[in-house]
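Shown next, in structure tokens, is the structure this report addresses.
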């Protein structure tokens, strides 16, 4: 299954709202999109608010957008298909 990195923007939200969005994300995948697998996310903040960079497995970018529309309360800024993963251990010498 292809893997994707999704850049999301939540704007100015409180921690409790982010908790609720996370729960809704899991619920929507479990109940409506079992072919969408959330691996992990990095949550960051800057002067514009909260953003996340989320790694998902899914059959297509379109399916991820459908999932995101069902979750709501955020904007998908961009979706990147992941070509591969590397770590510092992959580079020796």
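Observations
- Max mean-square fluctuation residue, GNM over the chain, Cα-Cα springs under 10 Å, options 37, 83, 58: 83
- Ranking of 76, 50 by count of other Cβ atoms within 10 Å, fewest first: 76, 50
- Angle between the chain longest axis and helix 61-71 axis [Cα atoms, degrees, rounded to 10]: 30
- Based on Cα contacts under 8 Å between residues 6+ apart, segment 3-83 shows a relative contact order of 50 percent.
- C-alpha long axis of helix 15-32 to longest principal axis of the chain, angle in °: 80
- Cα-based shape type of segment 3-51, given that a ≥ b ≥ c are square roots of the gyration tensor eigenvalues and the cut on a/c is 1.5: oblate
- Cα gyration tensor shape of segment 1-86, rounded if a/c is under 1.5, else prolate or oblate by comparing a/b with b/c: oblate
None of the figures in this text is laboratory data; all of them are computed from the coordinates on show. Note that this is a predicted model, so its numbers are computed, not measured. Neighbour counts run over all protein chains shown; Cβ positions are idealised from the backbone, glycine included.
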